[in-house]
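Taking it in order: structure first as structure tokens, then the write-up.
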Amino acid sequence: QHDAFTDEGLSTFLSATYVVSAKSDRIGCRLDGERIVHRGSPDIVSDGIAFGAIQVAGNGLPMILLADRGTTGGYTKIATVLSVDLSTVAQAMPGDRISFEAVSLEEAHRAFHARAAWLVRLARSAPVVFSRRQLHVRVSNTEYSITTGLLEQRNTRRAPASVESGVEVVDGGTCDRLRVEIDEA
């Protein structure tokens, strides 16, 4: 339904970087950032909503619809996230950044087949667990909250965090290595 948006709105959608809102849930990944301009009303006659559809309500902010979305909805949809990228969107945390890129149907098919091949290789490989952690650390007497990236765990036993320069993990688990950059500005 890209024709429901102005050229400026479409350009904004493809050039802006959005931030995942704390209001996101299993219904949808709500995004904060530049507003997308509609040609007219954002309201349409209710129609089907695909998993990954990007709906733009009257506030002009995109929302990527996820697993618990309704089956129909009455707001314009500007695009749909490729199925191979939906697991990344579903795991996005508040504050993560998302930007969009237009792809052709052929590029979407290539991405789908590449992901399928990767999944076959993954299924045949040794088990690996990936996780993202929220750690609370203390540096000297100041506490910070840190979200780690995806960590690869080869086994379930973890060594305690190395305490270097007074860095101590106070909550959130342990890790093999913790590198912290503190901006004192």
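At-a-glance table
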| quantity | calculated |
| --- | --- |
| The lone exception for Thr88 - which of (1) open to solvent by 70 Å² or more (accessible area, probe 1.4 Å); (2) in contact with a Ser or Thr (Cβ under 6 Å, 6 or more places away or on another chain); (3) not in a loop (DSSP other than H, G, I, E, B) it fails | (2) |
| Number of the condition not met by Ile49 [criteria: (1) in contact with a Ser or Thr (Cβ under 7 Å, 6 or more places away or on another chain); (2) among the aliphatic types (A, V, I, L, M); (3) exposed (fewer than 14 other Cβ atoms within 10 Å of the Cβ)] | (3) |
| Selected residue (only one of Ser41, Ser21, Ser15 is open to solvent by 20 Å² or more (accessible area, probe 1.4 Å) and within 22 Å of the chain's Cα centre (by Cα)) | Ser15 |
| Verdict on Gly60 being assigned to a strand (DSSP E or B) and either over 15 Å from the mean Cα position of the chain (by Cα) or of a type in the set (S, T, N, Q) (or both) | no |
| Candidate set from the stretch 7-43 (those that are in contact with a helix residue (DSSP H, G or I) (Cβ under 7 Å, 6 or more places away or on another chain) and assigned to a strand (DSSP E or B)); member that is modelled with the lowest pLDDT | His38 |
| The stretch 29-47 residues that are in contact (Cβ under 8 Å) with a residue 60 or more places away in the chain, paired with ones that are open to solvent by 60 Å² or more (accessible area, probe 1.4 Å) and not in a strand (DSSP E or B) (beta carbon under 9 Å, 6 or more apart) | Cys29/Ala90 |
| Matching residues, the stretch 63-73, being open to solvent by 20 Å² or more (accessible area, probe 1.4 Å) and either of a type in the set (S, T, N, Q) or in a strand (DSSP E or B) (or both) | Met63, Thr71, Thr72 |
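The values are calculated or read from the model by the stated rules, or taken from the named source; none is laboratory data. Remember, predicted model here, so these are calculated numbers, not experimental data. Please note: Cβ atoms are built from the backbone with ideal geometry, for glycine as well, and neighbour counts cover all protein chains shown. Ligands, DNA and RNA are excluded from the accessible area calculation, which covers all protein heavy atoms including side chains. Shrake-Rupley method; radii C 1.70, N 1.55, O 1.52, S 1.80 Å.
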